[in-house]
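Heads up, the thing below is written out as structure tokens.
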Amino acid sequence: MNTLSKQNCMPCDRNSTGLPKEEIKLLASEIPDWDIIDQDDVLKLSRSFKLKNFAEALSFTNAVGEIAEEQDHHPLIELTWGKVTVSWWTHTVGGLHKNDFIMAAKTNEIFKTFSER
């Protein structure tokens, strides 16, 4: 089986559903640095990334944005000096879908390239 970061997002439609708690727990074990937060009864994945300065944080933000556009699945990104917080959830299902875990794993892969600099 491919790791999450090697998978691609699948299109969601109005018949798509969120993940059951058991599957969320299983997939969360593959991205342990991410928090599962409940915001207004909507489950989301969230992680803050520390970077060297604003320019690097902006570059990381743009890299996440590029993969989000490629996969047609877009996060909430909060950018401040030396820190980027990324949150993934699927509006269509009103919570978490496998796509969110795939994108969190892809975000981790992007961050690895920045932390190796």
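For the range 16-47, backbone nitrogen atoms closer than 12 Å to the point 7 Å from Thr92 Cα along Cα-to-C-beta are found at 16-18. Backbone phi angles across the range 71-78, fed through the Karplus curve with coefficients 6.51, -1.76 and 1.60 (θ = phi - 60°), yield HN-Hα couplings of 8, 6, 9, 10, x, 8, 10, 10 Hz in residue order; Gly and Pro are listed as x.
For Glu70, put the label point 7 Å out on the Cα→Cβ axis and report which residues of the range 81-95 keep their amide N under 20 Å from it. Output list for this probe position: 86-89. For the listed peptides 51-57, 84-90, a ranking on the average number of other beta carbons within 10 Å per residue, highest first, reads 84-90, 51-57.
Here, each number is a calculation from the coordinates, and none is a lab measurement. Only a predicted model underlies this, so the values are computations on that prediction, with no experimental measurement involved. Counting neighbours? That spans all protein chains shown, and the Cβs are built from the backbone with ideal geometry, glycine included.
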